[in-house]
Amino acid sequence: MVTGAAATSAADLGAAGIPLGAAGIALFIRYAFMPNHLGYCGGRENELLLERAATGQAGPALTPLLAQFTGAVPYLRAIAAANGIGDPFDRRVVEAYWLGSELLRGVEAGDLYKTLEERFGRHLPPKLREQVLRKPPEGAKPFHFFHVVDVYRHLERESVGMAAMENCRISWGRVKTVEGAALVVERAPLLWRAGKLALGEPAPERVLRSVDGLGFVDAVAAGDWVSIHWGWACEVLDARRLANLRRWTDVHLAIANQTI
């Protein structure tokens, strides 16, 4: 097993000689594993995906399995096409979707509008359809948090509750203690404040960091920042990626609140 967050972080995989395609696939699995494990998206190969990614064996052969994540893949394709990148699982594209980056700025409103119309237009009542489709001209990008707060919460017959949005978003927490297969982090929760979505004050929370001895933050230490998805520590964040995640989350909170 590859040990050490620094050794396996997405930012370092390319420098370590692992092909960028493999680096992007490994990074995608870091974030997609837990909702797949819980049965919310993707196929039924979550144990295989975790093992391959955690042990440094992720590669293009896994692409057909990742294509089953039908919620994420069209966004990846939109980011890749807008930036002249041939592989939607290129590490840069995957990072832009989950954490945000300058690649999102390259996606024109019309391209995201078309993606949303084709995928979700017929599934939404007319009023909600109009509400979602107005977001690209207002600055929305193919960023995971946008999908959570402006698309996902409207796809069911009744609005998705706060607990689901809170778990589904990619959040960040500062590690307080390492406790075996878990971490105690301080994390700002998503909540309602005066009728709008907002981030609250950081509070202690326990998150999982490994399943059957496999995970992606082996060398994590108190004081590190980690990204979190469905109660799972995805990776240790450096200052750049932490700043991007905060920035793009704030942008899409503001966009979501325009129609709440």
Rounded, prolate or oblate, given the Cα gyration tensor of the range 148-219, with a/c below 1.5 counting as rounded?
oblate
Of PRO204, PHE143, PRO126, farthest towards positive along the dipole that unit charges on Lys, Arg, Asp, Glu beta carbons give the chain:
PRO126
If R0 is 22 Å, what FRET efficiency do you get for THR259 and GLU108 from their C-beta distance, rounded to 0.05?
0.55
Roughly what angle does helix 20-37 make with the longest principal axis of the chain, taking Cα atoms, 0 to 90 degrees, to the nearest 10?
80 degrees
For each of HIS147, HIS37, HIS252, count neighbouring Cβ atoms within 10 Å of the residue's Cβ, then give the residues from fewest to most.
HIS37, HIS147, HIS252
MRE, 222 nm, helices only [DSSP H, n ≥ 4, -39500 (n - 2.57), over the chain, to nearest 500]
-11500 deg cm²/dmol
Let me see the pair-distance distribution of the range 169-257: every alpha carbon pair, 10 Å bin width, integer percents in order.
17, 48, 27, 8, 0
Just want to confirm a number: the relative contact order over the chain, from Cα pairs under 8 angstrom separated by 6+ residues, in percent.
19 percent
Between the helical axis of 73-82 and the dominant principal axis of the chain, each derived from Cα atoms, what acute angle in degrees is found, rounded to the nearest 10?
80 degrees
Could you check which residue among ALA222, ALA22, ALA72 shows the biggest mean-square fluctuation in a GNM of the chain with a 10 Å Cα cutoff?
ALA222
Gap in Å between the Cα centre of the range 202-239 and the Cα centre of the range 69-88?
26 Å
Förster-model FRET efficiency, 41 Å R0, GLN57 and LYS127, C-beta, rounded to 0.05
0.30
Straight-line reach from LYS114: which lysines have a Cα under 20 Å away, not including same-chain ones fewer than 8 places off?
LYS127, LYS135, LYS141
Options [x] 22.7, 68; [y] 21.7, 69; [z] 17.5, 50 are given for Rg and Dmax of the Cα atoms in Å, and the computed one is [z]
Could you check the simple spin-label distance between ARG134 and LEU191, using points 7 Å along Cα→Cβ, in nm with one decimal?
2.9 nm
For a quick check: sort CYS41, CYS234 by the number of other beta carbons within 10 angstrom, fewest at the front.
CYS41, CYS234
Can you sort TRP225, TRP230 from fewest to most other Cβ atoms within 10 Å of each residue's own Cβ?
TRP225, TRP230
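A short reminder: the numbers here are calculations on the coordinates, not readings from a lab. Not measured: the values here are computed from a predicted model. For neighbour counting, all protein chains shown are included, and Cβ atoms are generated from backbone atoms with ideal geometry for every residue, glycine included.
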